[in-house]
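Trainee: First the structure, which I've put down as structure tokens, then a few questions once you've had a look.
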Amino acid sequence: HRDLHSFPTRRSSDLPPALHRVGRLDLLYPQEPSGGTWIGANSHGTLLAIMNCNAPRDFSRSSPKLRTRGIIIPMLLQEESHDETDRSLRAFSLAGMQSFRLFGIFRSDSLIRQWHWDGNRLISHNHDWSRSHWFSSSRSDALAEAGRGKTFETSWHEDLPDAGAWLRSLHASHVPEAGAFSVCVHREDAATVSYSEVLCTLQELRMTYQPGNPCEFRGVPTTAAIALTA
């Protein structure tokens with residue numbers, strides 16, 4: 001059994017995935033220059049990814065950023081279960097952070113959970129344990145979900161010979177044209193600047209990272225792995 005998840009990102013000058021040992025757990029994540037991260041996993045099989053949340057009248061549009069959201073995932077990856085992760089996040093002060101959506105994929109519980117911080121309160125709900133896609137855009141989360149979601153759904157079929165290659169091809173695509181809402185983003189003020197892919201098997205969790213815009217990448221991706229505990 002294999003679970004494959006991918007998240008396009010819009011950051012620059014990042015460090016590739018590296019191993020961090022904390023107590024009984026191995027943590028694996030790339031790092032921003034600040035030391036934080038937007039995606040990471042641990043040896044218990046937990047994957048966390050954080051995304052912007054750009055709703056109308058969003059808190060982040062009217063309040064200054066006082067604290068980075070990048071510190072959240074390294075902290076939460078030190079927890080071994082979904083319940084512990086939830087308690088740790090709720091006990092942590094999010095004051096001063098811009099709004100976000102945090103996704104947790106918990107292999108041991110076959111659970112996908114989403115937390116949403118709107119700048120004032122934290123709410124959460126579960127998703128079905130099935131193939132899913134989530135998107136964000138500073139222009140409009142709703143338009144990004146609709147456009148990019150349609151691109152993914154129309155190209156998916158159950159007998160894909162290589163799901164990883166399918167994901168990488170989609171993240172480098174420009175359907176219907178290169179712009180703000182294509183999967184591979186090209187805007188005057190922003191672009192997709194890295195691609196992270198996580199493959200989870202029964203024995204290990206492997207993270208692949210490639211810098212730069214996916215449609216222009218010609219180098220060798222950086223890959224790191226951790227063995228999974230029971």
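Trainee: I want to confirm something. Restricting to segment 151-187 and keeping residues that are of a type in the set (S, T, N, Q) and open to solvent by 60 Å² or more (accessible area, probe 1.4 Å), which single residue is farthest from the chain's Cα centre (by Cα)? Please lay out each step first, then the result.
Mentor: Step one: of segment 151-187, the residues of a type in the set (S, T, N, Q) are 151, 154-155, 169, 173, 182.
Among the residues that remain, those that are also open to solvent by 60 Å² or more (accessible area, probe 1.4 Å) are: 154, 169.
Numbers: T154: 22, S169: 18 Å.
Across segment 151-187, the extreme among qualifying residues is T154.
Trainee: Same structure again: Quick check on segment 48-60. Is at least one of its residues more than 18 Å from S137 (Cα to Cα) and at pLDDT 95 or above?
Mentor: Of segment 48-60, the ones more than 18 Å from S137 (Cα to Cα) are 48.
Going one step further and asking which of them are at pLDDT 95 or above, we end up with 48.
Yes: segment 48-60 contains one or more residues that are more than 18 Å from S137 (Cα to Cα) and at pLDDT 95 or above.
Trainee: Sticking with this structure for a sec: I'd like the full set of residues that are of a type outside the set (F, W, Y), within 17 Å of R168 (Cα to Cα) and open to solvent by less than 20 Å² (accessible area, probe 1.4 Å), limited to segment 198-209.
Mentor: Of the residues in segment 198-209, the ones of a type outside the set (F, W, Y) are 198-208.
Next, from what is left, pick out any that are within 17 Å of R168 (Cα to Cα): 198-200, 206-208.
V198, C200, M207 - these are the residues of segment 198-209 that are of a type outside the set (F, W, Y), within 17 Å of R168 (Cα to Cα) and open to solvent by less than 20 Å² (accessible area, probe 1.4 Å).
Trainee: Which members of segment 188-222 meet the condition of being among the aliphatic types (A, V, I, L, M), within 21 Å of T37 (Cα to Cα) and over 17 Å from the mean Cα position of the chain (by Cα)? Quick ask: steps written out before the conclusion?
Mentor: Taking segment 188-222 and keeping what is among the aliphatic types (A, V, I, L, M), we get 190-191, 193, 198-199, 202, 205, 207, 220.
Next cut, within 21 Å of T37 (Cα to Cα) only: 190-191, 193, 198-199, 205, 207.
Once the filter is applied, which keeps residues that are among the aliphatic types (A, V, I, L, M), within 21 Å of T37 (Cα to Cα) and over 17 Å from the mean Cα position of the chain (by Cα), segment 188-222 yields only A190.
Trainee: Examine segment 220-230 for a residue that is assigned to a loop (DSSP other than H, G, I, E, B), open to solvent by less than 30 Å² (accessible area, probe 1.4 Å) and within 30 Å of R24 (Cα to Cα), and state whether such a residue exists.
Mentor: Checking segment 220-230: at least one residue is assigned to a loop (DSSP other than H, G, I, E, B), open to solvent by less than 30 Å² (accessible area, probe 1.4 Å) and within 30 Å of R24 (Cα to Cα).
Trainee: While we're looking at this one, here's another question. Specify the residue that is surrounded by the fewest Cβ atoms within 10 Å (Cβ to Cβ); the eligible residues are those in segment 130-150 that are of a type in the set (A, V, I, L, M, F, W, C) and closer than 12 Å to M51 by Cβ.
Mentor: It comes out as W134.
Trainee: If you go through segment 179-211, how many residues are over 21 Å from N54 (Cα atoms), hydrophobic (A, V, I, L, M, F, W, C) and part of a loop (DSSP other than H, G, I, E, B)?
Mentor: 1
Trainee: While we're on this one: Filter segment 12-31 down to the residues that are open to solvent by 30 Å² or more (accessible area, probe 1.4 Å), at pLDDT below 90 and either assigned to a loop (DSSP other than H, G, I, E, B) or touching a Leu at 6+ places or on another chain (Cβ under 9 Å) (or both) and list them by number.
Mentor: S12, S13
Trainee: Output the residues belonging to segment 85-108 that are closer than 19 Å to L27 by Cβ, among the charged types (D, E, K, R) and either open to solvent by less than 70 Å² (accessible area, probe 1.4 Å) or in contact with a Phe, Trp or Tyr (Cβ under 9 Å, 6 or more places away or on another chain) (or both). Break it down stepwise before answering.
Mentor: Quick first cut of segment 85-108, residues closer than 19 Å to L27 by Cβ only: 85-89, 92, 102-108.
Still in the running and among the charged types (D, E, K, R): 86-87, 107.
Listed by number, the residues that qualify are D86, R107.
Trainee: Exactly one of (1) at pLDDT below 90; (2) open to solvent by less than 40 Å² (accessible area, probe 1.4 Å); (3) within 30 Å of A172 (Cα to Cα) is unmet by I72. Its number?
Mentor: (1)
The values are calculated or read from the model by the stated rules, or taken from the named source; none is laboratory data. Please read these numbers as outputs of a predicted model, since none were measured by experiment. Every residue, glycine as well, gets a Cβ built from its backbone with ideal geometry; the counts of neighbours run over all protein chains shown. Side chains included, ligands, DNA and RNA excluded: accessible areas come from the protein's heavy atoms. Shrake-Rupley method; radii C 1.70, N 1.55, O 1.52, S 1.80 Å.
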